[in-house]
Each structure stands twice: as structure tokens, then as C-alpha cells.
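First up is the structure itself, then whatever we jot down about it.
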Amino acid sequence: MTQDVAEDFADPGFRADPHPRYAQWRAAGPVRRTRLPGGGAEVWLITRYEDARRALSDPRLSKQRAETGTVRSAARPGERNVFGQHMLAFDPPHHTRLRRLVSAAFTARRIEALRPRIEQITTELLDAVAGRDEVDLIDAFAFPLPIQVICELLGVPVADRDAFRAWSDVLVTGDRPRMPEALKALGAYIRGLLARRRADPGDDLLSGLIQVRDEGDRLSEDELSSMVFLLLIAGHETTVNLLGNGVYLLLKERPRWERLRAEPELLPTAIEEFLRFEGPVATATFRVATEDLEIGGQTIAAGDPVMVGLLSAGHDEERFPEAEELRLDRAQNPHLAFGHGVHYCLGAPLARLEAQVAFGQLLSRFPRLALAVPADALAWRPGALIRGLVDLPVRLS
């Protein structure tokens, strides 16, 4: 590594608006070294779209060897961490096996069957705030909607949602001092869930994962715990931030909100544009080079950790015409917000379904929805992985 190290992700200015700096990097150093916040690792960051897309499917960049800075290395020395056995932590062929087994329970039919329940949950959450003048839309709506959906899908008690919201926040923001305790608590919780569901199986995804078989193959106990961990965390974090960021983008410039209300048929393309423009995942999780390779004119040595800048790739002018303009009717939008290649997000259809229902009801029920504070006063969550707001105060009428 030859470039100067800068703690870019820890910079409050970068957190508030990373796009100008990403644009500079794409122009001057599209594959560059950076340091993660909180004393994290030095990594190569890929910022251009074509480089990012190739990196996400390059078998020479291994998920399996990506130990530095991941949950797998967050347990205390000598402790067994059961959360390193999910499909996001492996390369083919082990990844292929895990994804095949999980996909057998996580079917399109099961997801689409959730639509009426998602609509009902959305209605109930909005009913609960309808009489208020002002509300934090993250706390009152964007968080409880996907967390309740994933809880019901998995068969997890919704009453426990605040506990694993706290654990999730520690893990995705990279709060290293608190990670071991969060992992320990979440591990005990998931083991208890699995034991109860084995004793009393139901028609839920967790029971399906326990029972799934493929030619005699099945998930081991650690693989089950790891997959439940991944589904609980990823199953709500992406949608929380998709909803929050999307509402922020619409209300930041009022004509966007009014246009989408007037043309609700644009909602599917608008959601894809939110994903491109201010996607909920800023960077893909770590990969490690298994051999020397070249990306974007930069030599990356075997053993070097690599992060793919999904948010930056979405603003690459070479792939997206007028990339800095949010266009609700952008027809060609091959963004990378859900990844690319074998690790493409299994839950993308669920996130899209939740977003369509949520935005549809918000637009129709609260036509005068507005930010309660200036847009530049909003705080963004720390860490390199997630792109999302801490809170989103809005006026309902």
C-alpha cells in the first residue's frame, strides 16, 4: 500500500455528505487506502462502478479469508463465536451449499404472502402516530415496520425487538468495545430461540431453516445460529435505512414529494433511485485478496483487505448519466445497493416489498409531511458499513 492513510469514515463532514469526497476519489484515486474509524483496519476502498461490480464477483477476493475487522474476529480470545458460519462469510462451494439450503425456506412465495400483513403493520403504525403534530419517523415507523416483519417471518417474539435493535446497532456501527458483550447476549438469545422452535415448530422461517433438507444435507447448529443472526440483522437494517433515506430525499427537496404523490406509478423506479442515490449500505463487507491482482490501475497484494464502495459506485457519472441528480423516473438503474454476484442480497425482494407498501401509505395518508428540522441538522449513523439517519423528525400536517 502506497497512498497516505486518512481516517475518512470518522470525519463528521464525510459522514454528513460523503458524495463530494467520493467524487474526488473516483477522479484522482479510485482504488485507495483508507482506515476504518475507531482504530480499525487499513483497507483498499474501491469507488468506481465498473471496478466495484467486477470486484463483487471476482473469486480472487475472498469472503472466507476476511477476518480483520469482522464479526468473526470480535469475540474475546478463547471464546467460540458461532456467528461466522453464515453464507456471507464463505466462498463457493460452501457458500453455494448454505445459500441453497436457506433459499429452500426463504422462497418468493413466502415473501409475497407477507404483503397483506406488511400492509396491516404499516397501517397500524401510521394509525398510532396520525394524531401527533411531530414524530421521529425512524423510531416510530422506519424501524418498527421491518423489525416486526422479520420477527414474524422468523417466529421471533416482537417484544424482544428493542434488545436486538441495540445489539444490531453495536455490530453494524463497529462499536468495538461493546461488540463482545453484544455478540454474547445475541448468541444466548438465538440459541434459546432455536431450542424453543425445535420443541414447538410452526409455520415460520426459523422452523423451516431447522427442518430444511437437501439430499440429506442440513444446516449444522452453528450454521443455523449464524443464519438467524444474519437474517435478524440484515433483515431489518437495510429497510430501516432505505425508508429513512428515501423520505429524507423526498422532503429535502419538496417538488420530489409532490411529484411522487401526483404520479404514484413512479414508486418502483423511485425506490430503485433511492437505493442508488443514498443506499442503506455504504460499503460491502470485507473481502481479502488471495493473490496479487490489479483493480482500477492499482496493484493489490495478496492478503490485503478490500472494501467495495457501493454508495460511491451509485454516483459514478461514467455509469449513471447525471448521477448527482435524483431522478424518480430513472429507467436504467443497475445500482449495486444489494450487491452483485453470488453474494447478491437474498432479502432484496422483501426490502423492496416493504418499501413499496411503506412509501405508498406515507404518500397517501400524510400529503403535507415535512421535515421538522433543517436537512443539514440531521445526524447520520457512524461507521463505514451503514448509510442511515440517527433520527428523522417530521411534521405530519
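The values are calculated or read from the model by the stated rules, or taken from the named source; none is laboratory data. It should be emphasised that the depicted structure is a prediction, and the values quoted were computed from it without experimental measurement. Here the Cβ is made from the backbone with ideal geometry for all residues, glycine too, and neighbour counts use every protein chain on show.
If only one of 296, 309 is touching a strand residue (DSSP E or B) at 6+ places or on another chain (Cβ under 8 Å), farther than 16 Å from residue 387 by Cβ and either surrounded by 21 or more Cβ atoms within 10 Å (Cβ to Cβ) or modelled with pLDDT under 95 (or both), which one is it?
On inspection, the qualifying residue turns out to be 296.
Can you tell me which residue is nearest to residue 91 (Cα to Cα) among those in segment 340-351 that are part of a loop (DSSP other than H, G, I, E, B) and at pLDDT below 95?
344
Within the group 278, 317, 291, 263, which residue is at pLDDT 95 or above, out of contact with any Phe, Trp or Tyr (no Cβ under 6 Å at 6 or more places or on another chain), closer than 18 Å to residue 23 by Cα and surrounded by fewer than 20 Cβ atoms within 10 Å (Cβ to Cβ)?
When all the criteria are applied, what remains is 317.
Hey, any hits in segment 168-178 for a residue that's of a type in the set (D, E, K, R), at pLDDT 80 or above and either within 19 Å of the chain's Cα centre (by Cα) or farther than 12 Å from residue 232 by Cα (or both)?
yes
How many of the residues making up segment 230-247 are more than 16 Å from residue 88 (Cα to Cα) and in contact with a Ser or Thr (Cβ under 6 Å, 6 or more places away or on another chain)?
So the count comes out to 0.
Which of the numbered conditions does residue 361 fail, given that it passes all the others? Conditions: (1) in a loop (DSSP other than H, G, I, E, B); (2) on the phi < 0 side of the Ramachandran plot.
(1)
Evaluate segment 385-397: report whether one residue or more is of a type in the set (Lys, Arg), crowded, with 20+ Cβ neighbours inside 10 Å and part of a strand (DSSP E or B).
No.
Inspect all residues belonging to segment 353-371 and state whether any of them is more than 22 Å from residue 22 (Cβ to Cβ), in contact (Cβ under 8 Å) with a residue 24 or more places away in the chain, buried (at least 21 other Cβ atoms within 10 Å of the Cβ) and not aliphatic (A, V, I, L, M).
yes
Restricting to segment 334-347, give me the number of residues that are surrounded by fewer than 18 Cβ atoms within 10 Å (Cβ to Cβ) and on the phi < 0 side of the Ramachandran plot.
4
To keep it simple, each residue is scored yes or no on (1) outside any helix (DSSP H, G or I); (2) on the phi < 0 side of the Ramachandran plot; (3) touching an Asp or Glu at 6+ places or on another chain (Cβ under 7 Å).
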residue: 106; (1), (2), (3): yes, yes, no
residue: 110; (1), (2), (3): no, yes, no
residue: 116; (1), (2), (3): no, yes, no
residue: 119; (1), (2), (3): no, yes, no
residue: 125; (1), (2), (3): no, yes, no
residue: 132; (1), (2), (3): yes, yes, no
residue: 135; (1), (2), (3): yes, yes, no
residue: 138; (1), (2), (3): no, yes, yes
residue: 145; (1), (2), (3): no, yes, yes
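Scan segment 122-150 for residues that are free of Cβ contacts under 8 Å to residues at least 40 places away in the same chain and surrounded by fewer than 21 Cβ atoms within 10 Å (Cβ to Cβ) and jot them down.
Within segment 122-150, 124, 125, 127, 128, 131, 140, 148 meet the criteria.
Does segment 270-288 hold any residues that are among the hydrophobic types (A, V, I, L, M, F, W, C), over 19 Å from residue 10 (Cβ atoms) and in contact with a Pro (Cβ under 8 Å, 6 or more places away or on another chain), and which are they?
Selection gives 288 alone.
Anything in segment 242-260 that is buried (at least 24 other Cβ atoms within 10 Å of the Cβ) and of a type in the set (A, V, I, L, M, F, W, C)? List them, or say none.
242, 243, 247, 250 - these are the residues of segment 242-260 that are buried (at least 24 other Cβ atoms within 10 Å of the Cβ) and of a type in the set (A, V, I, L, M, F, W, C).
If you take the residues of segment 67-111 that are within 19 Å of residue 338 (Cβ to Cβ) and of a type in the set (Gly, Ala, Ser), which of them is modelled with the lowest pLDDT?
Restricting to residues being within 19 Å of residue 338 (Cβ to Cβ) and of a type in the set (Gly, Ala, Ser), the top hit is 108.
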